[in-house]
1. Taking the conditions exactly as written (closer than 21 Å to GLU161 by Cβ, surrounded by 21 or more Cβ atoms within 10 Å (Cβ to Cβ) and among the polar types (S, T, N, Q)), does THR246 satisfy them or not?
2. Just to confirm my filter: which strands (runs of 3 or more DSSP E) fall fully inside the stretch 56-159 and include at least 3 residues that are in contact with a Pro (Cβ under 7 Å, 6 or more places away or on another chain)?
3. Quick one: which residue in GLY200, GLY212 is within 18 Å of PHE62 (Cβ to Cβ) and without any contact (Cβ under 8 Å) to a residue 60 or more places away in the chain?
4. Answer with yes or no whether ARG143 is closer than 23 Å to LYS96 by Cα, in the same structural domain as GLN66 (by TED's automatic domain parsing) and modelled with pLDDT under 95.
5. Mind checking which residues of the stretch 119-163 are touching a residue at least 12 places away in the same chain (Cβ under 8 Å), surrounded by fewer than 14 Cβ atoms within 10 Å (Cβ to Cβ) and either aromatic (Phe, Trp, Tyr) or more than 24 Å from SER87 (Cα to Cα) (or both)?
6. Say whether the condition of being within 24 Å of ILE207 (Cβ to Cβ), in contact with a helix residue (DSSP H, G or I) (Cβ under 8 Å, 6 or more places away or on another chain) and β-branched (Val, Ile, Thr) is met by at least one residue in the stretch 111-123.
Amino acid sequence: MRKPSPGIQALSIAVVGLALAVIPALAQTNSNDQEARHQIEKAKIFREAYPLISETDLYCAFYAHQGELPDLRIAAAEKGEEKILLSDNDLCFINKGKNDGLEIGQVFIIIEIGQSLGEHGSLALKQGRGLIVFLEDNRSVVRIEKACGRVMVGDFLVPFEEKESLLGKDLGYEAFSGGEPGAVGTIIYLQGDYNQVGPGHWGIIDIGESSGVMVGQQMTIYNQVREDLPRMAIGNLVVIDTGPTTATVKILSASDSIHKGLQVKAK
């Protein structure tokens with residue numbers, strides 16, 4: 001057999017070397033492409049899932065208060081002669097103390113009792129959080145930790161309960177769908193007592209824990225133009241707080257304005 005010329009041998013070595021250099025590069029490119037696709041998928045999932053219930057929803061919304069009013073109340077403010085509305089780090093004095101079982105470090109939600117909701121009680125607006133920083137036998141000093149509304153002398157305090165925000169997806173709604181089972185209620189109050197609102201606003205419905213309603217549950221909002229016409233879904237909401245017979249909700253999406261009196265149904 002004739003031996004290859006030196007030129008052929010050099011060419012063969014160069015080809016093999018090039019192949020050895022290209023193959024790892026191609027493998028790295030494929031790996032980079034796969035990683036890029038993975039990141040795109042992760043980003044897509046993140047866009048679809050977002051905070052359905054935020055910290056603001058949990059601690060700065062409102063609810064229907066039923067029964068007796070709370071015992072704890074803001075009796076005065078350190079700078080009461082200078083300002084009416086209290087803000088973060090302001091100090092105020094409450095009407096109970098060590099003899100009533102209070103302790104330094106306790107946290108409370110500050111609420112303002114508003115308008116009557118008829119048989120469902122009174123509107124309770126969460127205006128902020130307060131922390132006990134000093135105690136005497138019959139009075140305490142509270143520092144405003146986070147004001148999300150108008151904190152004033154005369155507001156009430158209820159024990160703070162830590163709650164978890166919820167990450168999820170808006171399940172949406174179909175304009176016309178079958179009669180799936182689920183608790184049925186009515187919107188009885190809208191944020192600011194507005195006549196109509198849209199996505200992002202809060203409201204109160206007239207069904208609660210006794211009807212199986214739970215925090216995080218989504219419901220379809222229906223409108224019926226006339227009794228002889230089928231009802232049509234126009235929005236979707238999520239439950240952010242529950243009471244025995246009422247629940248606070250947040251509107252997630254809507255194709256029309258949302259007003260009091262509309263029917264809601266649990267999914």
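The values are calculated or read from the model by the stated rules, or taken from the named source; none is laboratory data. Model, not experiment: these values are computed from the prediction. Every residue, glycine among them, receives a Cβ derived from its backbone with ideal geometry; neighbour counts consider all protein chains shown.
1. For THR246, the condition - closer than 21 Å to GLU161 by Cβ, surrounded by 21 or more Cβ atoms within 10 Å (Cβ to Cβ) and among the polar types (S, T, N, Q) - is met.
2. Ranges flagged: 156-159.
3. Residue meeting the stated conditions: GLY200.
4. Working: closer than 23 Å to LYS96 by Cα: yes; in the same structural domain as GLN66 (by TED's automatic domain parsing): yes; modelled with pLDDT under 95: no.
The answer is no for ARG143.
5. PHE134, ASP137, ASN138
6. no
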